[in-house]
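Asks: Here it is, the structure in full.
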């Protein structure tokens with residue numbers, strides 16, 4: 001089988017994943033698979049990937065493709081989370097909320113699911129903007145009356161962004177339910193490392209692999225923050241940086257180039273293995289101490305099944 005063939009030590013796959021509630025989403029070049037360990041056993045869902053940039057080639061251009069891929073990943077990720085959550089319902093004795101009852105009265109089951117999906121995506125993006133754009137921008141603005149330097153302002157705002165991000169990861173890592181999700185995250189990394197090494201996809205081979213992966217989403221989000229700080233430092237030199245609303249507007253306008261540049265940066269770092277790229281990847285690898293835990297064998301089995309389901313038939317098609 002393809003996964004059992006020895007590969008070059010430099011082989012890197014474009015296959016990536018996301019930890020779910022008692023499960024994993026794996027996304028390959030042609031399809032994605034969700035595998036959940038439900039109370040009744042493994043549940044799998046495989047879908048062919050349809051990329052919007054195939055229909056609109058301009059969305060596949062450098063920089064633009066990063067923002068498109070990021071948004072697409074959020075939508076598919078939230079949808080996969082909802083799928084996994086369906087197998088672990090809340091207390092059956094609990095009464096449905098007023099919102100749940102309102103949705104049931106006004107929408108069909110299919111439309112209700114779509115509504116909840118897009119509402120979840122909107123809330124996720126909204127929370128991200130509040131925590132990493134509005135809050136640090138507002139707090140940094142409080143020191144503006146005491147300084148007269150855009151450099152100092154950007155430094156304060158940048159430190160706040162990093163501090164909020166790290167604090168958020170630490171807080172999540174302490175939650176009991178999230179700890180299991182982060183263990184599935186570790187299983188995803190170990191399984192991908194096993195595949196990239198050309199070893200047979202077995203629990204024994206996956207178990208000995210590292211749990212931190214250089215192309216992890218945690219690293220991506222950290223680099224997004226760093227890139228936003230660097231770009232803001234340049235742009236704010238040409239705008240009224242003391243005006244709160246101008247700063248907020250500029251941060252929102254810069255989201256697409258920031259995410260796009262980060263995506264291209266990660267593609268470059270992911271394709272190269274040298275002292276420079278290893279140094280650049282180190283902060284993101286350290287942050288994975290908060291987002292990846294050691295998985296048990298049952299979690300590795302889920303990750304292996306999910307990865308196996310998205311392997312391309314054509315050898316090498318998934319090369320990074």
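The values are calculated or read from the model by the stated rules, or taken from the named source; none is laboratory data. Computed from a predicted model, the values in this text were never measured in an experiment. Every residue, glycine as well, gets a Cβ built from its backbone with ideal geometry; the counts of neighbours run over all protein chains shown.
Asks: I'd like the residue in region 51-72 that is within 16 Å of the chain's Cα centre (by Cα) and without any contact (Cβ under 8 Å) to a residue 40 or more places away in the chain and, out of all such residues, is surrounded by the most Cβ atoms within 10 Å (Cβ to Cβ).
Replies: 68
Asks: The conditions are (1) buried (at least 16 other Cβ atoms within 10 Å of the Cβ); (2) touching a residue at least 40 places away in the same chain (Cβ under 8 Å); (3) within 25 Å of residue 65 (Cβ to Cβ), and residue 247 fails exactly one of them. Which is it?
Replies: Of the numbered conditions (1) buried (at least 16 other Cβ atoms within 10 Å of the Cβ); (2) touching a residue at least 40 places away in the same chain (Cβ under 8 Å); (3) within 25 Å of residue 65 (Cβ to Cβ), the odd one out for residue 247 is (3).
Asks: Oh, and also: For the condition more than 26 Å from residue 43 (Cα to Cα) and at pLDDT 75 or above, what is the one hit in 99, 122?
Replies: Selected residue: 122, the only one of 99, 122 that is more than 26 Å from residue 43 (Cα to Cα) and at pLDDT 75 or above.
Asks: Now a separate question. Could you list, ordered by first residue, the pairs with Cβ atoms under 6 Å in which the first is in region 251-270 and farther than 13 Å from residue 221 by Cβ and the second is surrounded by fewer than 17 Cβ atoms within 10 Å (Cβ to Cβ), at least 6 apart or interchain?
Replies: Once the first residue is farther than 13 Å from residue 221 by Cβ and sits in region 251-270, its partners that are surrounded by fewer than 17 Cβ atoms within 10 Å (Cβ to Cβ) give 254/231; 260/63; 264/62; 269/277; 270/320.
Asks: Has region 66-75 got any residue that is within 25 Å of residue 306 (Cβ to Cβ) and at pLDDT below 70?
Replies: There is no residue in region 66-75 that is within 25 Å of residue 306 (Cβ to Cβ) and at pLDDT below 70.
Asks: Please find, among 301, 294, the residue that is within 30 Å of residue 179 (Cα to Cα), surrounded by fewer than 16 Cβ atoms within 10 Å (Cβ to Cβ) and modelled with pLDDT of 85 or more.
Replies: On inspection, the qualifying residue turns out to be 294.
Asks: Under 15 Å from residue 318 (Cβ atoms), in contact with a strand residue (DSSP E or B) (Cβ under 8 Å, 6 or more places away or on another chain) and either modelled with pLDDT of 90 or more or surrounded by fewer than 18 Cβ atoms within 10 Å (Cβ to Cβ) (or both): which single residue out of 17, 23 fits that description?
Replies: Selected residue: 17, the only one of 17, 23 that is under 15 Å from residue 318 (Cβ atoms), in contact with a strand residue (DSSP E or B) (Cβ under 8 Å, 6 or more places away or on another chain) and either modelled with pLDDT of 90 or more or surrounded by fewer than 18 Cβ atoms within 10 Å (Cβ to Cβ) (or both).
Asks: Which one is modelled with the lowest pLDDT among residues in region 253-265 that are part of a helix (DSSP H, G or I) and within 23 Å of residue 159 (Cβ to Cβ)?
Replies: Only one residue fits best here, namely 265.
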